[in-house]
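The values are calculated or read from the model by the stated rules, or taken from the named source; none is laboratory data. All of these numbers come straight from a predicted model, not from anything done at the bench. With ideal geometry, Cβ positions are generated from the backbone for all residues, glycine too; neighbour counts draw on all protein chains shown. These accessible areas exclude ligands, DNA and RNA; they are computed on the full protein's heavy atoms, side chains included. Shrake-Rupley method; radii C 1.70, N 1.55, O 1.52, S 1.80 Å.
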Amino acid sequence: MKQKVSQISPDKLYASLLKRKNEQEQQARLKSPIVTANKYLVSSNRNSGGTSKIEAKKARPASGKDLKDVSKVLLKKTHARQNSKLVETKENSQNLSTSALSLLLKIKQDKHENKQSQIQQPKDLYNQETIQKKYQKLMEMTKQQQQLILKPKLFKGPRSISNPDISTMQLQIVKANGQSAAGMLYNGQTKTNQDIYKLIQKFCRRENDWYIQVSDGHGTNGHQVAQFLQEVLPQFVEQGVVHMTSCYERDKQINQVLKNCFLQTSDELMDSGIDITYSGATTVVVLSFDNVLYCANIGDSRAIIGRFDNKLSVIELSKDHKPDCFLEQARILQRGGRVQAYSDEDGNPIGPARVWKLDEDVPGLAMSRSFGDYIASQVGVICEPEIIKHSLLPCDKFIVVASDGIWEFLSNEQVVEIVYEYYKRDDSQGACQKLVQLAREAWQREDEVIDDITIVIAFIK
């Protein structure tokens, strides 16, 4: 057998083997029945295990056991160059199949990526366009809001026939008057008037701006402190607000400016040479800029608005700073003071709550904020103002600013009712005189002394 194999050439042997293999495959195809695959049927390995193995063996490609036998025969007696060619042909076919498969996978992946990019690109473009539109809309809304802030608001009144959307009403103070009266001592003598008021029209050289100030002095030198405040405080306020040309700028800065003005005035008072050990003054200031009011207050002087909207009502522009108010008392106690009223022999409280040092019965101040009052300032009495803003409405009719000589025995509602009768007559001076008279009569009925009485009334139209 070895001699016969050695005489047959490798090419003929390889061709005969391939021919035999092809014949076997053809016979296997003819014997196997044609069956349509059913996707709902599952083959059982237990019943058809032997058959599936035979069919798999028949269908196995030439690169299996047959080709291994051929390679063994060729390697035994064939020429080395021919053997190497056969091996290279096999390796090349395997490399080509793997490279073709990788190429197909790459083409499929590229198609998938291109498809995704084509689907996502319009969405991204749509998102960008939507974001751009929203950004432009927000910018337009911001510009409109800034224009509304910078432009002073006018409350609508009777509309023009030619242009019904244009307001023709602008609310402002049209006239203002004030009056101050000295009080009376226990012995019936007229005391030194420690109240004072300041009324400035065309404040900061602006046509519709007003400045109203009422100061109420107390202590031995209270009249000097009040006089000093009347001269110095308006100057600081004017320097602070004269540069404010827009509503937006004013709203943003006015609170801090007014606080600084009160603190600067306090520093100037300390250096003025006036003895403020047990002397000082309360102060309430109302600034009117077109349709907006700002009230800065320390102490128990008060400012209110009379409003008529089918009925009379009161709008408070300030709050009284009494020592027994919760926050005021907390500050005084924290700084080493105490809050207590006068007491009789039995220890019963008499009169309002007052500020005292912890270990001494001084100063006995009946308010928690004021200018001056050096001893009281050591135990929590401050001169920082509380600031309230109010935008005028068409139903706001007048402003009343007064010292506690008015408010001690007259309520806010009583004052508004009286002033409104004079408002209908356009008589602000008559309203001041009437309220001063009624306040003095109330003091005479209720107390043995009469406090100083000061009032300013401004009509709004």
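Picking from THR245, THR282, which residue would you name as being surrounded by 15 or more Cβ atoms within 10 Å (Cβ to Cβ) and of a type outside the set (A, V, I, L, M, F, W, C)? Result of the check over THR245, THR282: THR282.
The set of residues in the range 187-237 being assigned to a helix (DSSP H, G or I) and touching a residue at least 40 places away in the same chain (Cβ under 8 Å) consists of PHE203, GLY222, GLN224, VAL225, ALA226, PHE228, LEU229, LEU233, VAL237.
Scanning the range 423-435 for residues being surrounded by fewer than 20 Cβ atoms within 10 Å (Cβ to Cβ), touching a residue at least 24 places away in the same chain (Cβ under 8 Å) and under 29 Å from GLY351 (Cα atoms) gives a total of 1. Looking at the range 288-296, can you tell me whether even one residue there is in contact with a Ser or Thr (Cβ under 7 Å, 6 or more places away or on another chain), assigned to a loop (DSSP other than H, G, I, E, B) and either of a type in the set (S, T, N, Q) or loosely packed, with under 14 Cβ neighbours inside 10 Å (or both)? Yes, the range 288-296 has at least one match. I'd like to know if the range 272-282 contains one or more residues that are part of a loop (DSSP other than H, G, I, E, B) and closer than 28 Å to TYR423 by Cβ. No, because not a single residue in the range 272-282 is part of a loop (DSSP other than H, G, I, E, B) and closer than 28 Å to TYR423 by Cβ.
Pick out the one residue from SER368, SER411 that is open to solvent by less than 50 Å² (accessible area, probe 1.4 Å) and in contact with a His (Cβ under 9 Å, 6 or more places away or on another chain). Reasoning before the result, please.
Details: SER411 fails: in contact with a His (Cβ under 9 Å, 6 or more places away or on another chain).
From the options SER368, SER411, the qualifying one is SER368.
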